[in-house]
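Where a number appears in this text, it was derived from the coordinates with a stated rule and is not lab data. Since we're looking at a predicted model, the values are computed, not measured. Counting neighbours? That spans all protein chains shown, and the Cβs are built from the backbone with ideal geometry, glycine included.
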């Protein structure tokens, strides 16, 4: 075939050659520009000494975390969550088959491994519904719930509008509560009709006056919403104990600024602590003040450091009367997550929940306050084994944030502190919200919570009890040295004696 005597193939070849030459010219010009910039700049040694090619070092450094996740890391060796953990959550959230074949890839001989003790005559109960618990028996509006797994504190600001909406709708479907985080109460929290735990952070967003102090009037307005069931005073969180909330200015939109009562586009940095809570007595006074104003159960969240704090707290409660006690305590793990935190605190501050939970529960028992104060465990508890362990150790409830983030579609891109989350969960970029459909993700949130509770119940039934809340320490064992395990109750009693916990003899 010819066009005016010129073969079509020849024309295509000519065009292709011209295109290649143009691309090569562009690459040469770009390399020349990069070379000039690299040799003139003084901030990066590699680029100055090895212009152009030195840039690949930084590209590979950035891409390395993604290649490790998808190609190089084994199923159970990633941090903070490995592929096996994430895969279980993804399957549970999609409500697909979560069984495995051939054998476990989990080591059962490594120290710290949990082994549940199946009963020779397992429970024949076919129900997975936990028993009901009452929180706040001395307040005007106690809270009764069957929830075992709940959505931990994530503020509107740290996560996006469609993410909050999906969590609210999903929590309602699953029958669990949703913690607002310290960013105040938004219409998105209320949109699904879920039970709400309103968190008062150190900046008192949502209930602060023009000077940043607690406003009784605004607190009463928050408590008037029928969805708000409890109030949590945040003393500290596991990922950054002793450091207030950090929301980068790029994520402080006009709407978020209005809800928080701050300036848009500016970093939202909460104080390191409450200026009006500087002692145990002031903590108890604030708890009772908030409870009197709201009529709701009031507790506090803390990342445990000094365990003597709980002895002093219990002594003050017994002095003032058990009515003065917090209605619940949320124990956050030192390896908890957050949208932004200094690495020094994230890596090395705060006791992990596996150490703090049993010790705090034992202290409450020793002081006769365990039935008065409900205990909520939080921090990397995203799998059935984690939740079952927490119940065995003495928790009444388990909160998880990152478990529900995975249910929303989180891929552990580690960009929560930026405005670039590729799944739309922790960004306020509307373009990235397109893939996060609240209706679809609400189903996944509910399925995750329901399947998590179901498998905890499966563990409980295997151990011979009818309800997950009936799990006790003797139902689980912990490997203390390779190939040898001891019952949890013996292990914690031994550790308590070493730490000289009251009542451990």
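Which percentage, to the nearest 5, of the DSSP beta bridges contained in the chain is antiparallel?
Of those bridges, close to 35 percent are antiparallel.
Could you tell me the ratio Rg/Rh of the chain? Both radii from Cα atoms, Rh via Kirkwood.
1.06
So for 330, 202, fewest C-beta neighbours within 10 Å to most, what's the order?
202, 330
Expressed as an acute angle from 0 to 90° and rounded to the nearest 10, what is the orientation of the C-alpha long axis of helix 308-320 relative to the principal long axis of the chain?
Value to nearest ten degrees: 40.
Using Cα pairs under 8 angstrom and six or more residues apart, how large is the relative contact order of the chain, in percent?
Reported as a whole number, the value is 19 percent.
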